[in-house]
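No value in this document is a laboratory result; all are computed from the given coordinates. For clarity, every value in this text was computed on a predicted model and none was experimentally measured. Note that we place each Cβ from the backbone using ideal geometry, even for glycine, and neighbour counts take in every protein chain shown.
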Amino acid sequence: MSSDTQIIEEKIVKVNGDTAIKRYSKGRFLGKGGFAKVYEFVCLETKQVTAGKIMEKSALSKARARQKLMSEIKIHRSLHHTNIVRFEHYFEDESNVYIMLELCTNQSLNDLVRRRKRLVELEVQCYLQQVLSALKYMHSHRVIHRDIKLGNIFLSDKMEIKMGDLGLAAKLEFEGERKRTICGTPNYIAPEILEGKNGHSYEVDVWSFGVLMYTMMIGKPPFETNDVKTTYKRIKMNAYTFPDHISISEEARDLISRILVTDPMERPTIDDMLNHAFFTKNPIPKLLPTSTLAVPPSSS
Ligand code: ADP
C-alpha cells in the first residue's frame, strides 16, 4: 500500500452499544456518474474487494437529492438476483455517504460495445437473456428500473451480466399504479414518458430493452441524432431504420420491431420476449470467454 492510500473508516455500532471501526483502503478509480464516484475498496481486515460508491454529503444538502438516494438504497437493498449488482451495505462519515456494491471487474456493456463497435448475435443473445432474467425478477417485485442502457449493465469477473444503477428505479405501491416523473436517458426514453399523458409503467423498461438490443447489434442507438430535441421527435414518430450495411437476422429484426412500438400495451411481455425465436432458435451459452472483451467469439 502506498503512503498516500486513503483509508476510509466505517463506524459500526453493535447491539450492546459498543462501537467498532472497520477500515477500507480506497484503491483504483472505477468510474463516475451523476452524483457519485466509484472506487475499488479493500477491507483491511477481510481483504474483501468491493465497489464503493461515494457521494458527497454537500451534494445531498437538498431534501430531494437525499430522498432520491434513500429511495435508491431502499429499492436496491431489497433486490437479490444473480444478474443484479449485489448491494452489500451502506454507511456514512462526516463528509460522504458510501454504498458498497458487488465489484464488476469487466466494466460496462458501453465500454464493451465501444471497444468492439458492435456485438455478434450469440453475444447479444447471451447477455440479453440475463438482462431479461433480472428484469423479470424486478418487475415481479413491482420495481421498474427506468434507466436500462449499455452504461448501467456491468460484467463480472466471470463475464456474468450485472444490472446496476438503481438511481431512477421506482417501486409501485400497487399493481396498476402509473408513474409520472419524467426520467431516463434521452436515447433510451420511451415515447409515453415524453408524451406524459397517462403516466407510465413496466413497459418503459421493455422499450429501453429494445433500444439496448438494437444498439448492441448495430453499434449505435436507433433514434440518435446530434440534439436531444430531434431525438425526442424521432422517438415520438417512431422513426428508426436498420442500416443496409449491417446484416442482422430475421429473428433479431422481428423482435426489435415488435418491441419498439409506440403503444406500450402492444409491446411484448418479458415472457413473450424470452419465448421469441431470437432466444430459442439455437443453444445460447451461459457465459462467454473473457477473450470476447477484445474480439468476437470464434464461430467454431
Ligand atoms: P450514478 O448513479 O451516479 O450514475 P453509477 O452507479 O452509474 O453512478 O456508477 C458510475 C460509474 O462507476 C459506472 O459507469 C462504472 O464505471 C462504475 N461502477 C459503478 N458500479 C460499479 C460496480 N459495481 N463495479 C464496477 N464499477 C462500477
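Descriptive notes on the structure:
- Rounded to 10°, Cα long-axis angle of helix 228-237 versus longest principal axis of the chain: 50
- Between the helical axis of 250-259 and the longest alpha-carbon principal axis of the chain there is an angle of about 70 degrees.
- Spatial separation of Cα centroids for region 168-229 and region 28-82, in angstrom: 24
- Among the GluC sites (Glu not before Pro) found in region 28-100, those both in a DSSP coil and sparsely packed, with 14 or fewer other Cβ atoms within 10 Å of their Cβ, are 45, 94.
- Subset of 53/158; 32/62; 136/229; 236/281 violating a 28 Å alpha-carbon distance limit: 136/229; 236/281
- Of the chymotrypsin sites (Phe, Trp or Tyr not before Pro) found in region 161-238, those in coil by DSSP whose Cβ has at most 13 other Cβ atoms within 10 Å are 174.
- CD proxy at 222 nm, helix term only [per DSSP H run n ≥ 4: -39500 (n - 2.57); per residue of the chain; nearest 500]: -9000 deg cm²/dmol
- Farthest positive-ward along the chain dipole, Cα basis, beta-carbon charges - from 6, 132, 269: 6
- Shown here for region 4-66: trypsin sites (Lys or Arg not before Pro) in loop regions (DSSP other than H, G, I, E, B) with at most 13 other Cβ atoms within 10 Å, namely 14, 47, 62.
- Helix axis angle, 203-218 relative to the chain longest principal axis, alpha carbon, degrees: 80
- Distance in nm between pseudo-label sites at residue 16 and residue 46 (7 Å out along the Cβ direction from Cα): 2.1
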